[in-house]
1. Which ones in the range 376-405 are of a type in the set (Lys, Arg) and more than 35 Å from the chain's Cα centre (by Cα)?
2. Taking the range 609-628, which residues are β-branched (Val, Ile, Thr), more than 26 Å from the chain's Cα centre (by Cα) and closer than 27 Å to residue 200 by Cβ?
3. Go through the range 187-209 and give me each residue that's of a type in the set (A, V, I, L, M) and farther than 12 Å from residue 176 by Cα.
4. If you take the residues of the range 306-321 that are of a type in the set (D, E, K, R) and out of contact with any helix residue (DSSP H, G or I) (no Cβ under 6 Å at 6 or more places or on another chain), which of them is farthest from residue 429 (Cα to Cα)?
5. Exactly one of these conditions fails for residue 190: (1) open to solvent by less than 90 Å² (accessible area, probe 1.4 Å); (2) part of a loop (DSSP other than H, G, I, E, B); (3) free of Cβ contacts under 8 Å to residues at least 40 places away in the same chain. Give me its number.
6. Have a look at 96, 66 and point out the one that is in contact (Cβ under 8 Å) with a residue 60 or more places away in the chain and open to solvent by 40 Å² or more (accessible area, probe 1.4 Å).
7. Answer yes if at least one residue in the range 244-261 is of a type in the set (D, E, K, R) and over 25 Å from the mean Cα position of the chain (by Cα), and no otherwise.
8. Has the range 598-619 got at least one residue that is surrounded by fewer than 19 Cβ atoms within 10 Å (Cβ to Cβ) and more than 28 Å from residue 309 (Cβ to Cβ)?
Amino acid sequence: MKKIKHQDILKIFKHADKPLTPKEIYSLFGKKKSIQKRIKHILKELEQAGKIIATGKAFCLVNKLPVVKGILEVQKSGIGFVLPEDKRRKDIFVLPENFEDAWHGDTVLVAILPKSRGKNPEGRIVRVLKKELKQLVGRVKRKVGKNTFLIQPTDLRLKFCILVESEIDLKPQTLINLKPTHKLEPFLWHGELIEILGTENSLEVQEKLVKINHQIPTKFPQKVLEEAANLPMHPTDKDFKNRKNLTHLSFVTIDGAKAKDFDDAIYIEKKDNGYILYVAIADVSHYVDFGSSLDKQALERGNSYYFPLSVEPMFPKELSNGLCSLNPNVNRLVIVAEMKFSTSGKRIKEKFYPAVIQSKFRLTYSQVHLAIEKQDPEEQKRIKPILPMLQTAYDLAKILNQNRSARGSIDFDLPEPEILFNFQEDILEIKPRLRYFSHQVIEEFMIAANEAVAEFLEEKAMPFLYRVHPAPKEEKLENLFKLLKSTKLATKIPKDTSPKDLQTLLKQAQNTNLAFLVNRLLLRSMMQAKYSPINEGHFGLASMSYCHFTSPIRRYADLVVHRALKKALQNEYPRKKKINKLKKLGEKLSLLERKAMEAEREILKRASVLALKNKVGEEFTGVISSLCDFGFWVELEEIMAEGLVRFSSLTDDYYTFLPERQELLGKRTGKRYTLGQKVKVRLEKANLETLQLDFTIC
């Protein structure tokens, strides 16, 4: 008899069209204990996966019950929504008293109640199918027994406390890593101490906290480390077979000063009739076989995770910083996108092939900025052999940038924060990230390579993951346009909502007091980019066909594209069922990308509170970045942090919030507070427990 599979058992349930007991299922396969054991194991796994549910002694299919499977998302206010697995369904509103034992992030079954909350149906969680949190970080509140301590989760969405035993005397406000074990009372759990993290005033401890709370892997399994250790330290002669030798070309890498993993290198030649651009990308797929331990772990992580003091890479450092990194003066295996551009910057020819290169210089953005833009003689002397090539790179990048702008690609004029920590002086700052045209050079060349690869794979009908960015929702854009009708930009509001029209609106707002408002609200109206095997185009880049090809060391999606490109170059015929698998893969990678973004946002928020903790009482200048019916947020200029000015602190008048105009209006004085307005504020409180900065107007 062939081995019984999960699908076989599910078919039996569908055919029976009624709940079934294990005995009824056993009877269909005979009396062998080994078969019954196998069926029992499958039933358990199907139940854990949320495909079936136990109802007394029998099991039945979940999709046959009036319940919905989904993930519980708890908001800071305490209320929750179950996001259904079936994307066609609306999110289901759930009150805290109806959570049962579910926490934020858990996979649950929710029963639909005969009432609704606004546009959303209301529900009650009937079963937790999968606990998302295996560990969590808690803050010691107080000692409640000889060796027992009351712990409060640092995640504000977890509205319960935990009792933990410890022989070590845990001081209040200490952060610990713990494992929840069982429920004691409705809002009280028991837990086991795993590790004492330390004082919450440490950026290092805050990083550990964020990694634990977002379940970011910090260690590689032994099998993965062994696979990495078995790889050679450098490419061998055997690896060079069927590869073009480009070691004679002066490839360079240009990255941030702290970077250790170099995915991409560039080389460019000026020709009479245009330019030839070589974009060489680390050939990770040569070393990482599909289905290997290295591959499975990379997929589990989805991408590398970057923090102010550390990096959790997608691959062990032997690959990410060594064998696959395009380090200077060593042979490295790459996939090359060789593109020919006319003098006007139009791509007229492209080809792709495996090659071996040797990067001649490891450059930083600031180095190139000094040498090319600032014409610094000392820096120019250091990189003299490649100076003409870099100047050519600047020339082409400017042309490509102008072309991209002409087609409507949207670039927002908003600074990016960078967390800077001085260990020697113990100073933490959050400042706007310095940005030069050298950054733009690399961006333009990577965009060009990504588009060229996407178009090539599309022509070959090879299934792969596009990087898609849907158009913004009309409703959000209409709200922005309504707001602008009462401003100087009233006559500039576009009739259409194409990327080109929105880009024109941004340019009209540039260098006016409305620039912040337009940039911020337009950015908020944008949809999230995602990975999908179905091409929806990339709205923000105004690109018809786009993918991620240029960072396979730190993004699994790029590795997927590399494998597809290699198959296309070998004229391998794609399998018909590939699209559905790629769709699920794209959804998973998009979720993991969002996890990385959420972790990045949280460490930024924690770092900003830490940076301002000792500045209570000081005055700052800032810009109103958001308004609501209980106050408004101010984004500081001196340090990139955001805090709240509450209505209750405005004592000069009673204020009304006018959402359609994004402003607060004083009833007596007529005083206004509007989005983008500059204000002077005093810091009243910097609270690490609530992650809240409280300001008052000076």
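The values are calculated or read from the model by the stated rules, or taken from the named source; none is laboratory data. All figures in this text were calculated on a predicted structure; none of them were measured in a lab. Positions of Cβ are backbone-derived with ideal geometry, glycine not excepted, and every protein chain shown enters the neighbour counts. The accessibility values were calculated without ligands, DNA or RNA, using every heavy atom of the protein model including side chains. Shrake-Rupley method; radii C 1.70, N 1.55, O 1.52, S 1.80 Å.
1. Going through the range 376-405, the residues of a type in the set (Lys, Arg) turn out to be 381-382, 384, 398, 404.
Passing the criteria: 381, 382, 384.
2. The one that is β-branched (Val, Ile, Thr), more than 26 Å from the chain's Cα centre (by Cα) and closer than 27 Å to residue 200 by Cβ: 616.
3. First, the residues of the range 187-209 that are of a type in the set (A, V, I, L, M): 188, 193-194, 196-197, 203, 205, 209.
Within the range 187-209, 188, 203 meet the criteria.
4. Here is the first cut: in the range 306-321, the ones of a type in the set (D, E, K, R) are 312, 317-318.
Narrowing the set further to residues that are out of contact with any helix residue (DSSP H, G or I) (no Cβ under 6 Å at 6 or more places or on another chain) leaves 312, 317.
On the way: 312: 22, 317: 28 Å.
Checking each candidate, the answer is 317.
5. (2)
6. Numbers: 66 fails: in contact (Cβ under 8 Å) with a residue 60 or more places away in the chain.
From the options 96, 66, the qualifying one is 96.
7. Filtering the range 244-261 down to residues of a type in the set (D, E, K, R) leaves 244, 255, 258, 260-261.
Retained after the next criterion (residues that are over 25 Å from the mean Cα position of the chain (by Cα)): 244.
Scanning the range 244-261 turns up at least one residue that is of a type in the set (D, E, K, R) and over 25 Å from the mean Cα position of the chain (by Cα).
8. Yes, the range 598-619 has at least one match.
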